[in-house]
Structures are given as C-alpha cells and as structure tokens.
Amino acid sequence: MTEKDRHAWWKEAVIYQIYPRSFADSNGDGIGDLKGITAHLDYLKELGIDVIWLSPVYQSPNDDNGYDISDYRDIMTDFGTMADFDEMLREAHSRGIRIVMDLVVNHTSDEHAWFVESRKSADNPYRDYYIWREPKDGKEPNNWESWFSGPAWEFDEATGMYYLHCFTKKQPDLNWDNPKVRDEVFDMMTWWCEKGIDGFRMDVISMISKVPGLPDGPLKDSGLYGDLTPYVCNGPHVHEYLQEMNRRVLSKYDLLTVGEAAGVTLEEAKKYANNEGTELGMVFHFEHTDCLEPEEKVIGKWTCRHPQMKNVRAILNKWQTGLEGKAWGSLYWDNHDQPRAVSRFGNDDPKWRTLSAKMLATCLHMMKGTPYIYQGEELGMTNMHFTSPEDCRDVEEINAYRQFVEEHRMVDAETMLRCFDTVARDNARTPMQWDDGANAGFTAGTPWIPVNPNYTSINAKEELADPDSVFHYYRKLIRLRHENPVIVYGVFEPLMMDSDAVYAYRRVLDGAVLTAACNWTDKEQPCSLFDGAQGKELISNYAEHKDGVLLPYEARVFLS
Ligand code: GLC
Ligand code: CA
C-alpha cells in the first residue's frame, strides 16, 4: 500500500450516527431536534468520536422519517431551522467533530417540487426526472414488490400512467439516466459542501441505475410479488454515475463518503470503494445482518431467530481479507434500520448485557475499517417489546403487518409481533436514554415513539458515573484506535477457525501484532492464545483472567 492510500482522516476516525428524531428534544414537542443535538455535543466529545453521521434533517413530510425529502436545501420544520443547523455545525467543528449528511437521492418525496411538476402531464419538463410507464394489460408495468410491501408502482390518475417507487408510494424513484437529474443532484451536493459539511452517507446508492426494460423479478417467498433487487441493485450505470459524481463534486473537497449498498457483493464493493478513490470512500454491506437460513425466516426479512457466530464470522472475515489492499471497509453492528446489537448478536438478559455488549464492541472495533456507532449502542441499549401493532411507528412494520397478517393471513399476529421484537427497525428508534427521569430525559412532552421501559437502569447519566459501564468501555476502544496505528492499518488474519464459540483474529503492522479473542457464549470456552504471551493487554471486559479459557462473553486484546 502506498503512503497516499494509507493516510486519510476518515480511515482513522470513529463515526457516531444520530437519528435526530429520537436523540434529544429541546422544545417539548416530543420530537428530537437540532438544538437537542447541539446541547449534547459535549457528551459526544467525552465519548471521543470524530464524526457525526446525521440521518436526514431536510424538509420532509415524514412518510419514512425524513428519507422522503421534499426540499434538499431546507431543514425539516420538526427539527428546527437552517440557523439551528449552522449553529450545530459551528459548535461541532469548534469541538473537532465533523458532520456527515445523509444524501437520499435514489428517490425524493412525492411532495418535492420536481415530482409535483412531473405528475402534471406527460410532456412536463420534469416528467423524465422520474420513472413513468404505461400500464401493462391494465395493471402494473411489472411484478416488483416495493421494499416496504405492496407493488413498487403507483397509478397516477392525471396521466393514466404508473410511477416507480422502490420504497413507499410517497418516495418516487429519480431517473438517474436523465443528465438533468444528475446536474440537479450534483449542484445540491456542492451547495452543502460549500456550507462546510464533511461528507455524505449515501442512501441506497447502489439502486440508482435500473436495468433497462425493467423485467419481472423472480417470485418472492410470499408468492405475492417479484423481487426487484436483481434489476435495481448494482445496475448497469451505477459506477459510471458515481465516477461522474466523484469528478464533479467529491474530488473537489476532503470528504468522508460511504455508500449504503443494498445487495452489494465483495466484488462490487471493490469497485465502489476502490483505493484509487474514483468512486466512494467505503460502502456498507448487509451480509452479516441477514445471515439466517431461509427456513429460519417467517416471511421476507421477518424472523424470531438470532444469527450464529460462525456465520457472522465467515462473512466478516471474508470482507476483512477480501478488501485488503484493494478497497476500504466500514464496520457496524447497528444503525437506524437494524435491531439493537446486544439483543441480536449478544445477550440482553440483565445478567449478561454489559459483558456481551462490551464483547461485541471489542470484536468489531479491533477489525480493519471505519467503525460506526449508532446512538445508544454505547450504552448497550436493547430491543423493545411490541405488545400490539399500535406500538409500531415504522412504515415498514405497519405495511408488513397489514400485508402478511391482515390482508393475506400468512402470519398470525402473535408471530409477527415476536418478529418485530427481534428485527423491527423501531427497536433502534426508541428515544435515547439520557437519565432515569421522565421519558428517559429525552423530552419534557410526550415522545413520538414510546421510551423503552428499561431506561431506569440503562441510561447515560448512570453510565457516565460508572467507570465499568459500556459507555466507558466504548470510550476506551475509541481512544485505543486513535493511539495504535495497528488497529487502523494492520492486516487482518483469522484465528481459531475451528471454534464455533470464540471469534479470534490477529492484526499485523510493521512488527506490531495485535491479538483479539471474543467469547460469544455464556459458558467458559477453551482459548490458549494468551497463555504466556509477551506484551501488554490493551483492553478486556474482565479484570481477572483464567489460563487456557475465555470466561463467559469475555473479550481480550493483547499487543505484542
Ligand atoms: C435506506 C435507509 C432507510 C430508508 C430507505 C429508503 O435503507 O437507511 O431508513 O427507509 O433507505 O430511503
Ligand atoms: Ca422538538
């Protein structure tokens, strides 16, 4: 690797994702906002993170909580004003914290001015900004199911045609094959860069180029619709469009860029995030969040099962070794679309929660790539329990319940709710647990989504005061990354691949060897990696160790 490939601030940084709606409410309306974020920057400074990735804060009717944008150059009324944004950016920068914006440009809101024009008539100048098709045999142009249930097409009375929406019907897909669309998007990105933001997380960016002809997809397991992913993910022009974006915008600034790449394979990722820097800095892949066998699923993504360590490890190790020397990677357990890490991969029983949350954090943060922490993960926040469909706020859950439970009776209500307990996106969206006061200190009003009742024992105030908390453990992991180049740049080598219980690996750089071992179970497990080792322990979730074994959920990292 050359020196140029080697050095980049965003390779050495730790990112913290904020879902503004659920982070901190400053004015008592029950909705988190920008002033709430500004008020908690010192908390993030204390944690030690370098960058905030802000889920969308643009003007939006909130059909999908801001991922449906009606004005890219304005702030969502619920979240405040552009003056509040500028203040937040200034205050973050003054603390050495950078801000990365969510860029949602696969689609807009149907309330965006471009779509309002586009739907007016077939010869409107904005018509070709979106993907319109004639009906086929009086029905949808193809069999695609939207990501959030139901057909991916909506009929529009005004012109008697359908428009494509890979997500909700209030999220029409932009037509990236139209050069005017690309001009508009690149202008808008430049406008934000000129404001001084530090990068973009690009929402479903792997979906911007559709296969011409939009052919029917293979029938899904429900038998109701076809799968659109083969024809919209990693499509024929996606790399060309990203290279154009890179030439025209990204290369002119010093940015962190990360593409959310639904359906991305290792081979595709090497193109998106290539070390030559012609496209993006890195991508998020989803293989480890969906590593169950088909028979472990109830329907679609819905399941009550938890992934096995050996399957998660096979995937992450493949990415660690596969990207080496070719492209940069990202590391995450959690985000606003995933259940809570400690509930999914660890053990959220009060007896094991703290230990297993620290173990998971160690396992991820000692790997190669840029780590992302999702708000509340640093406290070991857990999934919540759904008692009725009324508990749901997320359009994905609401639509799935309607389609599979109510309309087609393919799943019974109880099973669906248990699936929600396991993998629903709302698990990540319950309010941030600041303290043990009313509404976990999130709001003085009524929160837009219920607070997880365990806030009385899991909250930031308590963890800040306890040196053995998950919070202080994350803080140490972040500091270690900043201090030890081997954690950033060391080459990854798997260890103990014959164990289904211990996830172990080495990182090697210029004579430094880091060894990490993590016990993913609640039982002692044999492990002799540290017996007689010379060097120093960097971190562990146990104060005392036992020779020849790892204690339940023990994690240990050694540098020699
Ligand atoms: C991405 C976002 C998700 C959103 C979807 C549509 O997957 O992370 O929250 O619903 O795109 O924009
Ligand atoms: Ca508010």
Would you kindly derive the ³J(HN,Hα) couplings of segment 381-397 from the backbone phi angles with the Karplus curve 6.51 cos²θ - 1.76 cosθ + 1.60 (θ = phi - 60°), listing them in order in whole Hz, with x for Gly and Pro?
-> 4, 10, 4, 10, 10, 8, 9, 7, x, 5, 6, 7, 10, 7, 4, 5, 5
Would you mind calculating the relative contact order of segment 105-178 from Cα pairs under 8 angstrom and at least 6 residues apart, reporting the percent as a whole number?
-> 35 percent
With a 10 Å radius around each residue's Cβ, average the other Cβ atoms per peptide and rank 352-365, 498-511, highest first.
-> 352-365, 498-511
Two decimals is fine: what's Rg over Rh for segment 242-355, C-alpha atoms, Kirkwood radius as Rh?
-> 1.05
Quick one: if you stick a label point 7 Å off each Cα along the C-beta vector at W9 and I398, how many nm between them?
-> 4.0 nm
Can you put L224, L34 in order of Cβ neighbours within 10 angstrom, beginning with the fewest?
-> L224, L34
Highest average packing first - 542-551, 232-241, Cβ atoms within 10 Å | 232-241, 542-551
Counting only Cα, what are the radius of gyration and maximum Cα-Cα distance Dmax of the chain, in Å?
-> 23.2, 77
How far, in nm, would the chain grow between E493 and E46 when pulled straight, counting 0.36 nm per residue and subtracting the alpha carbon separation?
-> 157.7 nm
How are the C-alpha pair distances of segment 398-466 spread across 5 Å bins, as whole percents from the shortest bin up?
-> 3, 16, 20, 16, 13, 12, 9, 6, 3, 1, 0
Rounded to 5, percent antiparallel among DSSP beta bridges of the chain = 60 percent
Expressed as a rounded percentage, what relative contact order does segment 1-87 have, with Cα pairs under 8 Å and six or more residues apart?
-> 26 percent
When all alpha-carbon pairs of segment 111-174 are counted, what percent fall beyond 19 Å?
-> 24 percent
What residue among A465, I539, G213 has its Cα farthest toward the positive end of the dipole of the chain, where the charges are +1 on Lys, Arg and -1 on Asp, Glu, each on the Cβ?
-> I539
Would you mind pulling out the separation of the Cα centroids of segment 457-512 and segment 339-365, in Å?
-> 13 Å
For segment 19-106, the percent of all C-alpha pairs falling in each 5 Å bin, from 0 up to the bin holding the max distance, is 3, 15, 26, 27, 18, 9, 3, 0
Listed residue pairs exceeding 31 Å between alpha carbons, taken from K310/K536; K11/K35; K180/K270 = none
Once you put a point 7 Å from the Cα of D123 and another 7 Å from the Cα of N178, both along the Cβ direction, what distance in nm separates them?
-> 1.6 nm
Alpha carbon centroid spacing (whole Å) that separates segment 115-162 from segment 172-235 | 16 Å
Reachable lysines, given that their alpha-carbon falls under 21 Å from the alpha-carbon of K170 and they are not under 8 places away in the same chain = K120, K139, K210
Kindly state, to the nearest 0.05, the FRET efficiency for E483 paired with K136, given R0 = 56 Å and r defined as their beta-carbon distance.
-> 0.40
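Diagonalise the Cα gyration tensor of segment 200-248 and give the resulting equivalent ellipsoid semi-axes, square root of 5 times each eigenvalue, largest first, whole Å.
Here the semi-axes work out to 27, 12, 5 Å.
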For W352, residues with placed amide H under 5 Å, excluding near neighbours | none
Given +1 on the Cβ of Lys and Arg, -1 on the Cβ of Asp and Glu, and no further charges, what dipole in debye does the chain carry about its Cα centre, rounded to the nearest 20?
-> 1420 debye
What angle do you read, to the nearest 10 degrees and between 0 and 90, between the alpha-carbon axis of helix 413-423 and the longest principal axis of the chain?
-> 60 degrees
What is the distance, in nm, between label points placed 7 Å from the Cα along the Cα-to-Cβ direction at A444 and at E537?
-> 4.6 nm
For the residues S118, S26, what sequence is obtained by ranking on other C-beta atoms within 10 Å, fewest first?
-> S26, S118
Neighbour-count ranking [beta-carbon atoms within 10 angstrom, fewest first] of T77, T443 = T77, T443
The chain - mean residue ellipticity at 222 nm from DSSP helices (-39,500 (n - 2.57) per run, n ≥ 4, rounded to 500) | -7500 deg cm²/dmol
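We did not get these values from a lab; they are worked out from the coordinates using the rules stated. Remember, it's a predicted structure, so these values are computed and weren't measured experimentally. Glycine gets a Cβ as well: all are built from the backbone with ideal geometry, and neighbour counts include every protein chain shown.
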